[in-house]
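What follows is a single structure, written as structure tokens, with notes after it.
The values are calculated or read from the model by the stated rules, or taken from the named source; none is laboratory data. Keep in mind that this is a model prediction, so the values were computed, not measured. Glycine gets a Cβ as well: all are built from the backbone with ideal geometry, and neighbour counts include every protein chain shown. Accessible surface areas use protein heavy atoms only, side chains included; no ligands, DNA or RNA. Shrake-Rupley method; radii C 1.70, N 1.55, O 1.52, S 1.80 Å.
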Amino acid sequence: MKSRDLLAELKFRDPDRARALLGALRRNVDALGREIAIMHVCGSHEQAIARFGLRAVLPPQLKLIMGPGCPVCVTDGPEVDEAVALARQGVRICTYGDMLRLPGTSRSLADAQGDGGQVHVVYSVDQAVELARAHPAEEVVFFASGFETTAVATAAAALGPVPGNFSVLSVHKYVPAAMDLVAESRESRIEGFIAAGHAAIITGWGIFEPFARKTGTPVVVAGFEPLDILAAIVKLTELIRDRKPEVFNAYPRCVTREGNQPAQRTLWKVFEPRTGTWRGIAAVPGGNLDLRPELARLDARKRFRIDTAPVRDEAAPGLERECICGTIMMGLATPHDCALFGTACVPESPVGACMVSSEGTCRIWHTYGGAPDLRDVGAPAP
């Protein structure tokens, strides 16, 4: 194949291809003859969908919903309390930037930092390890968040040479458990799922086959360019139309059936899935990734006595009672259904977790708009 043909294959923002995909999508939806709802579980997908206004060109009978695809948003308040309590005890806490303002039951790590706690924003677990090496007389805890992709990085660091004053407070989550939760919900009417391509690079697309068989729900793995997402939606509606609960890989340039097996071995050497409470949603079987017992020396929960009583407040204060982030993450509401959205709850002063993180539905919709209607501005039909 000539080099120019290779470049043509990797052209993801071609208007002609977009029109062709939208034509196929309309035919699929028309063939179904009813309203259908599909869900993706990835903040990066939502960013692309909102940024490029994809909902504005979808058939009105098709509802494209973001589910619990933001790991920061589903980190439970008591988990944040643990990190805040450790900072209060004089431990250096390292974490990703999105976690800094995430509220616990009453306080955030930003609050702890304001009170004099040593809280550091890092871009990788390796930075946390280096900070521990630089301060050998102090305890350093990495407050580890994210789905499979970042959990693999944490696991690789845990298996490497780390200083004796380094440990991990894991709040890593596992994506397939979230899909199980939504599919089993009696309130949910989701008929198909778009799976995150970056997580599937690690796990492989074959991991979704048991889910599709068990629930009778098709799954399509998608990349993150606009045409990636449109192609995945077309394929998913085709599978729904044909009543085929199958898994289709629409991201073959990066994802294989087996995934990254060395990364998987690293992940499961360090972590094991456990039931954990996801903020505003429920206790999710297999939803949390905890360190294995043989790595207790690296487990901050085993290493320290974490007393959260001084930083805990089980009664949600003020406006937090009105926050509906959990309902939004389950796909049962949109940010516009929340009375706080864009008024009392904005990125500069977030009330709920979905407005804190750059991958949260509310934050994304506030930045880009979630479902723009372009008909009133005279936009040409694609």
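Considering Gly53, Gly90, Gly67, Gly77, the condition of being at positive phi and in contact (Cβ under 8 Å) with a residue 60 or more places away in the chain is satisfied by Gly53 alone. Take the residues in the range 330-361 that are assigned to a loop (DSSP other than H, G, I, E, B) and charged (D, E, K, R), then tell me which one is surrounded by the fewest Cβ atoms within 10 Å (Cβ to Cβ). The residue in question is Glu348.
When residues of the range 216-225 are filtered for being under 21 Å from the mean Cα position of the chain (by Cα) and either more than 18 Å from Ala200 (Cα to Cα) or acidic (Asp, Glu) (or both), how many remain? The total comes to 1. When we screen Glu184, Glu148 for residues that are modelled with pLDDT under 95, buried (at least 18 other Cβ atoms within 10 Å of the Cβ) and within 30 Å of Cys362 (Cα to Cα), the only hit is Glu148.
Out of all the residues in the range 271-301, which are part of a loop (DSSP other than H, G, I, E, B) and within 18 Å of Met330 (Cα to Cα)? So that I can check it myself, show each step before the final result.
Step one: list which residues in the range 271-301 are part of a loop (DSSP other than H, G, I, E, B), which gives 279-281, 292.
Matches in the range 271-301: Arg279, Gly280, Ile281.
For the range 14-41, filtering for residues that are under 17 Å from Glu191 (Cα atoms) and either touching a strand residue (DSSP E or B) at 6+ places or on another chain (Cβ under 8 Å) or aliphatic (A, V, I, L, M) (or both) leaves 11. Restricting attention to the range 19-37, the residues that are closer than 12 Å to Leu58 by Cβ, touching a residue at least 60 places away in the same chain (Cβ under 8 Å) and assigned to a helix (DSSP H, G or I) total 5. For the range 115-130, residues that are closer than 18 Å to Gly90 by Cα and open to solvent by 40 Å² or more (accessible area, probe 1.4 Å) total 5. All of Val80, Val72, Val125 fail the test of being farther than 24 Å from Val311 by Cβ and aliphatic (A, V, I, L, M), apart from Val125.
Yes/no per residue for (1) over 19 Å from the mean Cα position of the chain (by Cα); (2) surrounded by fewer than 13 Cβ atoms within 10 Å (Cβ to Cβ); (3) not hydroxyl-bearing (Ser, Thr, Tyr):
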| position | (1), (2), (3) |
| --- | --- |
| Leu239 | yes, no, yes |
| Ala250 | yes, no, yes |
| Arg253 | yes, yes, yes |
| Lys269 | yes, no, yes |
| Gly280 | no, no, yes |
| Ala283 | no, yes, yes |
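Could you please find all residues in the range 131-145 being surrounded by 16 or more Cβ atoms within 10 Å (Cβ to Cβ) and either in contact with a helix residue (DSSP H, G or I) (Cβ under 8 Å, 6 or more places away or on another chain) or not aliphatic (A, V, I, L, M) (or both)? The answer is Glu139, Val140, Val141, Phe142, Phe143, Ala144, Ser145.
Looking at the range 320-329, which of the residues that are farther than 30 Å from Glu191 by Cβ and not basic (Lys, Arg) is surrounded by the fewest Cβ atoms within 10 Å (Cβ to Cβ)? So, considering only residues that are farther than 30 Å from Glu191 by Cβ and not basic (Lys, Arg), the one surrounded by the fewest Cβ atoms within 10 Å (Cβ to Cβ) is Glu322. The residue that is farthest from Phe12 (Cα to Cα), among those in the range 233-270 that are in a helix (DSSP H, G or I) and β-branched (Val, Ile, Thr), is Val270.
What number of residues within the range 151-170 satisfy the criterion of being surrounded by 19 or more Cβ atoms within 10 Å (Cβ to Cβ) and part of a loop (DSSP other than H, G, I, E, B)? Number satisfying all stated conditions: 1.
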